[in-house]
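The values are calculated or read from the model by the stated rules, or taken from the named source; none is laboratory data. Keep in mind that what you see is a predicted model, and the values were worked out from it rather than measured. Note: ideal-geometry Cβ built from the backbone for every residue, glycine included; neighbour counts use all protein chains shown. In case anyone asks, the SASA skips ligands and DNA or RNA and just uses the protein heavy atoms, side chains included. Shrake-Rupley method; radii C 1.70, N 1.55, O 1.52, S 1.80 Å.
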Amino acid sequence: AGYPVILCSVTNYYFELSYNKDPLEPGEYWGGFVDTRKAFEYIPFDVFKSIRTNPLGRPYDPEVDFQDMVRLNPEAKDLILGIQGCLWSESIFGPVSMEYYTLPKLLGLAERAWSAQPSWATMEDEEEREKALEADWNLFANALGQRELPRLDHLSGAYAYRLPPPGVKIKDGLLYANSQFPGLSIRYSTDGREPDLNSREFTDPIQVDGAAQVRIFSSRGRGSRTAVAAPE
């Protein structure tokens, strides 16, 4: 319509939405789920490439679901002044809660707002675009885990950013674990107790008898929720 705008898409930048579909994860879910990757992969000039699932997590079929929606006129790109994240306060209970909801989502927003448009933003081939996006995300996730999150542990007395629970499984007696942000410490226990800084550090798949409890820790020793893995 010719108006200058700032974009704040619900599906990518409403930061009070829960990180994922987990009963232990705080946050709203009426507009879906927003995590750091959702903020990172937003494409301001082609939002239809950014929105891949509905609020229930079911994949969209772009050719069917978006066929009657108006695309951005290329001449209107200059009217997009920027992008922003929104944090509505009905589920915020203080500074720690606020920092949990916004960080590290805010770093994904900053990457899109302040960096040049990535190569995958204009790729029409879905498979090619996904491959390029995955490579970029891998670099970004490593930068967060190895550099930026440890920096947040020391800035302004330390921020209470969200530590993602680890991904864990036990297969053929071997415990496997990983972190969304490589570089964060992973520790585990097999005695039924919640892991702490004195627990063994996970580096490679290891033989275990029975179930295992696994947590991720920040550079200052703050721990994530505990993930429990049982033998398959």
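Note on segment 179-232: among residues that are open to solvent by 50 Å² or more (accessible area, probe 1.4 Å), among the polar types (S, T, N, Q) and more than 18 Å from the chain's Cα centre (by Cα), the one that is nearest to Tyr100 (Cα to Cα) is Ser219. Counting the residues of segment 103-124 that are open to solvent by less than 80 Å² (accessible area, probe 1.4 Å) and more than 16 Å from the chain's Cα centre (by Cα) gives 7.
When Arg162, Arg112, Arg129 are screened for being assigned to a loop (DSSP other than H, G, I, E, B) and either within 30 Å of Arg222 (Cα to Cα) or touching a residue at least 60 places away in the same chain (Cβ under 8 Å) (or both), only Arg162 passes. Only one entry in Asp191, Asp196, Asp204 is in a loop (DSSP other than H, G, I, E, B), without any contact (Cβ under 8 Å) to a residue 12 or more places away in the chain and either closer than 26 Å to Pro150 by Cα or among the small types (Gly, Ala, Ser) (or both), namely Asp204. Do the conditions hold for Gly157, that is, is it at pLDDT below 95, under 27 Å from Phe93 (Cβ atoms) and not polar (S, T, N, Q)? Spelling it out, Gly157 is indeed at pLDDT below 95, under 27 Å from Phe93 (Cβ atoms) and not polar (S, T, N, Q). Filtered by the rule that a residue be basic (Lys, Arg) and more than 22 Å from Leu24 (Cα to Cα), segment 163-215 gives Lys171, Arg200.
Among residues of segment 65-102 being modelled with pLDDT of 90 or more and among the β-branched types (Val, Ile, Thr), the one that is surrounded by the fewest Cβ atoms within 10 Å (Cβ to Cβ) is Val96. Residue count for segment 57-75 satisfying the condition of being touching a residue at least 24 places away in the same chain (Cβ under 8 Å) and either over 27 Å from Glu111 (Cα atoms) or aliphatic (A, V, I, L, M) (or both): 1. Going residue by residue through segment 42-50, is there one that turns out to be within 24 Å of Leu103 (Cβ to Cβ), touching a Gly at 6+ places or on another chain (Cβ under 9 Å), buried (at least 17 other Cβ atoms within 10 Å of the Cβ) and at pLDDT 90 or above? Yes. I want to confirm something. Restricting to segment 28-41 and keeping residues that are at pLDDT below 95 and surrounded by fewer than 19 Cβ atoms within 10 Å (Cβ to Cβ), which single residue is farthest from Leu139 (Cα to Cα)? My answer is Trp30.
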